[in-house]
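The values are calculated or read from the model by the stated rules, or taken from the named source; none is laboratory data. Remember, it's a predicted structure, so these values are computed and weren't measured experimentally. For neighbour counting, all protein chains shown are included, and Cβ atoms are generated from backbone atoms with ideal geometry for every residue, glycine included.
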Amino acid sequence: MAAPPAETAEAAETAAAPAPPRGAPVEWLAVAGGQIDADSHGDVNLGVRRGAWTLQLRTDAPELTWAPSGERGRAWVTVRGHAFAAAMYISPWAGGAPDPDRALRASSVGGEAGWVGYGPGGLYAGGRASLDGVFFGAMPETAFDVPSPRAVATLDALVGLWRPGLSAWMRAGVDFTDDGAGGGRRAPHLAGELHWTPDLHVGSLALAPRVEAWAGLAGNQDDLLHARIGGVNPWVVPLAGAAWAEWWAEDYAAVRAGPTVGVGDPGARSLGVRVSPFVDLAAFGGGTGDQGHALGLGVGMRAWRGRLFADVTGGYAPGIARQAGVGRGSVWVAVGWDWGTAKGPTSAAAPGPMGTYWPG
């Protein structure tokens, strides 16, 4: 299965980060939140790490990673799983409303390994291989036969660029899946992301542009491999106002753009605030359900003091299809402690949505 955007962006920034010092302290993360829309879902993110080891629980998804690194590059080996909500099979949509007849419980177990080498100017390149088994079960309103267990193997070549305020990556590869009945398919894919959040100030005021983009092309995919699009949470290709993973698509392109303004030093213990109004544009097709394009209007805000933070991002999508009684708005709320120790946060920048950082 393809990794959600936030996980992939986080891995890209981790790949380009310096090696942790010997005797590194234990760091921890604790965040709780959720997206409120016509079919709301909660989210919990707990983690602990020391040196090359990271243990994390993302709601129903435990993950253990060993990622040794040095001056020339970084390797990683991850073991992971999902208890019941892999790929958001629990909450499909169709025709502008939840479609519980298609809902499934989806559990998975698997892992991946990879390596990237560091080049000049923040460039990096490498590859990854993963294998996951997915097991399905019926939900209360499921209206079709439960699929047989599936296996997904993925091979990817990776290339990226990481600099303060700029993160970009691209992966190209192929997914190999079985159909649960002795057959199989090969599904090539090309996907990438760009996050530009420069650190610019006017006096003591942080005032900077924010531009983010997501794009993917694929062939011969099915629901297990389709990208999940819609919502204002970190685990999807975003579209403000839409429901969490409202569309499942093979091909997609999305852009989020707007200014960011605020006060406060992200690395200090004093209070800081960033506010970012934005416009989302997305086009998608080749998947399950509605196809076409959509516009979303939104605003995000983060307030923090040291590691403690609160996030609120909301939006409205004026033109998306909706059945009677289903709204066109969605709101993401999260509170918690970012990665760090009792002495303060790990990063000197305030972490932002979609695996990026707010401009300082």
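Check whether at least one residue in segment 189-210 is in a strand (DSSP E or B), among the acidic types (Asp, Glu) and touching a Lys or Arg at 6+ places or on another chain (Cβ under 8 Å), and report yes or no. The answer is no, given that none of the residues of segment 189-210 is in a strand (DSSP E or B), among the acidic types (Asp, Glu) and touching a Lys or Arg at 6+ places or on another chain (Cβ under 8 Å).
Among strands (runs of 3 or more DSSP E) entirely within segment 222-310, having at least 3 residues that are hydrophobic (A, V, I, L, M, F, W, C) singles out 247-249, 251-263, 271-285, 292-305. Could you tell me how many of the residues in segment 232-243 are touching an Asp or Glu at 6+ places or on another chain (Cβ under 8 Å) and within 29 Å of ASP179 (Cβ to Cβ)? Selection size over segment 232-243: 2. Given the condition closer than 22 Å to VAL31 by Cα, in contact with a Ser or Thr (Cβ under 6 Å, 6 or more places away or on another chain) and at pLDDT 95 or above, answer yes or no: does some residue in segment 299-310 qualify? Yes. Residues that are of a type in the set (Gly, Ala, Ser) and within 18 Å of the chain's Cα centre (by Cα) were ranked within segment 209-229; the one that is surrounded by the fewest Cβ atoms within 10 Å (Cβ to Cβ) is ALA213.
Here is a check on your reading of the model: is GLY70 surrounded by fewer than 16 Cβ atoms within 10 Å (Cβ to Cβ), more than 25 Å from TRP247 (Cα to Cα) and modelled with pLDDT of 95 or more? No; evaluated as a whole, the condition is false for this residue. The lone criterion from (1) within 26 Å of GLU246 (Cβ to Cβ); (2) of a type outside the set (Gly, Ala, Ser); (3) touching a strand residue (DSSP E or B) at 6+ places or on another chain (Cβ under 9 Å) left unmet by LEU200 is number (1). When restricted to residues that are of a type in the set (D, E, K, R), more than 19 Å from ALA243 (Cβ to Cβ) and at pLDDT 95 or above, segment 259-298 contains 0. Considering the conditions (1) surrounded by 20 or more Cβ atoms within 10 Å (Cβ to Cβ); (2) modelled with pLDDT of 95 or more; (3) aromatic (Phe, Trp, Tyr), TYR316 is excluded by exactly one of them, (1).
Going through TRP247, TRP214, TRP235 one at a time, which residue ends up being touching a Leu at 6+ places or on another chain (Cβ under 9 Å), in contact (Cβ under 8 Å) with a residue 40 or more places away in the chain, aromatic (Phe, Trp, Tyr) and within 17 Å of LEU194 (Cα to Cα)?
TRP214
Entry remark, segment 26-48: residues being of a type in the set (D, E, K, R) and either outside any strand (DSSP E or B) or within 18 Å of ALA113 (Cβ to Cβ) (or both) number 2 in total.
With the condition kept exactly as written, say whether any residue in segment 241-259 is in contact with a Ser or Thr (Cβ under 9 Å, 6 or more places away or on another chain), surrounded by fewer than 22 Cβ atoms within 10 Å (Cβ to Cβ) and under 27 Å from GLY329 (Cα atoms). Within segment 241-259, one or more residues are in contact with a Ser or Thr (Cβ under 9 Å, 6 or more places away or on another chain), surrounded by fewer than 22 Cβ atoms within 10 Å (Cβ to Cβ) and under 27 Å from GLY329 (Cα atoms).
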